[in-house]
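Q: Structure incoming, see below.
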Amino acid sequence: RQMCIRDSIRPWKAYQIEAMKIEKKKIAKQIEEAEKDLIPLFPKYQDKIKLYYKNHGKMIKGVFETSIELLEELKKKGYLCYVLSNWSAETFLGTKEKFSFLNLFDGLIISGEEKLIKPDPKIFHLACEKFNLIPENTIFIDDRIENINSAFKLNFQIIHLTNPNEIKSLVKKVLISI
């Protein structure tokens, strides 16, 4: 039985990896087009592929309270805070209503709306231009090392967040050095 479970998980993992590749290459695509690309590659998972985007919002089970607390603290101290997200435009619809803390940010860049995706330096340049950011004076926080590396090459102060519970102490350390 264990072998059957592992064997059924491997193709699903392969689907997820392929889906990420397609999404990164074709960020401008609509969900329907992305599904058309994925289903021929993984016909066995057609039902799951069709369900994924429709149920995307239900997959988000919660938020990291520590991060929201930090956001509130930073805003009270007068810091400007922004979002640079690889979210698709279609799945982002309604998210600000569902997660009201997103309204605390001073601005958001959503990849699907801008047709750019991290780690492409163009999205970082867009953020600098749109929000008047100076990379050397801006902290970029992300959990993906390729995004961190891209921001580092552009002179952002960086935090590679591997444990969300450490965000407060990591931000405070970087703020002291700026």
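The values are calculated or read from the model by the stated rules, or taken from the named source; none is laboratory data. Quick caveat, the model's predicted, so the values are computed rather than measured. Neighbour counts are summed over all protein chains in view; Cβ atoms, including those assigned to glycine, are modelled from backbone coordinates with ideal geometry. These accessible areas exclude ligands, DNA and RNA; they are computed on the full protein's heavy atoms, side chains included. Shrake-Rupley method; radii C 1.70, N 1.55, O 1.52, S 1.80 Å.
Q: Would you mind stating whether ILE141 is under 24 Å from ILE159 (Cα atoms), β-branched (Val, Ile, Thr), in contact (Cβ under 8 Å) with a residue 12 or more places away in the chain and open to solvent by less than 30 Å² (accessible area, probe 1.4 Å)? I'd like the intermediate steps shown before the answer.
A: Values: under 24 Å from ILE159 (Cα atoms): yes; β-branched (Val, Ile, Thr): yes; in contact (Cβ under 8 Å) with a residue 12 or more places away in the chain: yes; open to solvent by less than 30 Å² (accessible area, probe 1.4 Å): no.
For ILE141, the condition - under 24 Å from ILE159 (Cα atoms), β-branched (Val, Ile, Thr), in contact (Cβ under 8 Å) with a residue 12 or more places away in the chain and open to solvent by less than 30 Å² (accessible area, probe 1.4 Å) - is not met.
Q: Failed condition for SER8, given (1) modelled with pLDDT under 70; (2) part of a helix (DSSP H, G or I); (3) surrounded by 13 or more Cβ atoms within 10 Å (Cβ to Cβ), with all others met?
A: (3)
Q: Does ILE110 satisfy the condition of being under 21 Å from GLU35 (Cα atoms) and in contact with a strand residue (DSSP E or B) (Cβ under 8 Å, 6 or more places away or on another chain)?
A: Working: under 21 Å from GLU35 (Cα atoms): yes; in contact with a strand residue (DSSP E or B) (Cβ under 8 Å, 6 or more places away or on another chain): yes.
Taking the combined requirement at face value, the residue satisfies it.
Q: Additional query: I need a count of the residues in region 88-105 that are open to solvent by 60 Å² or more (accessible area, probe 1.4 Å) and over 23 Å from SER169 (Cβ atoms).
A: Step one: filter region 88-105 for residues open to solvent by 60 Å² or more (accessible area, probe 1.4 Å), giving 90, 93, 96-98, 100, 103-104.
Then drop every residue that is not over 23 Å from SER169 (Cβ atoms), which leaves 90, 93, 96-98, 100, 103.
Qualifying residue count, region 88-105: 7.
Q: Now a separate question. From the list PHE131, PHE64, which residue is of a type in the set (Phe, Trp, Tyr), in contact (Cβ under 8 Å) with a residue 24 or more places away in the chain and open to solvent by 80 Å² or more (accessible area, probe 1.4 Å)? Quick ask: steps written out before the conclusion?
A: Numbers: PHE131 fails: open to solvent by 80 Å² or more (accessible area, probe 1.4 Å).
Residue meeting the stated conditions: PHE64.
Q: Just to be sure, is LYS115 surrounded by 13 or more Cβ atoms within 10 Å (Cβ to Cβ) and under 17 Å from ILE167 (Cα atoms)? Even if it seems obvious, please write down each step before you answer.
A: Details: surrounded by 13 or more Cβ atoms within 10 Å (Cβ to Cβ): yes; under 17 Å from ILE167 (Cα atoms): no.
No: the conditions fail for LYS115.
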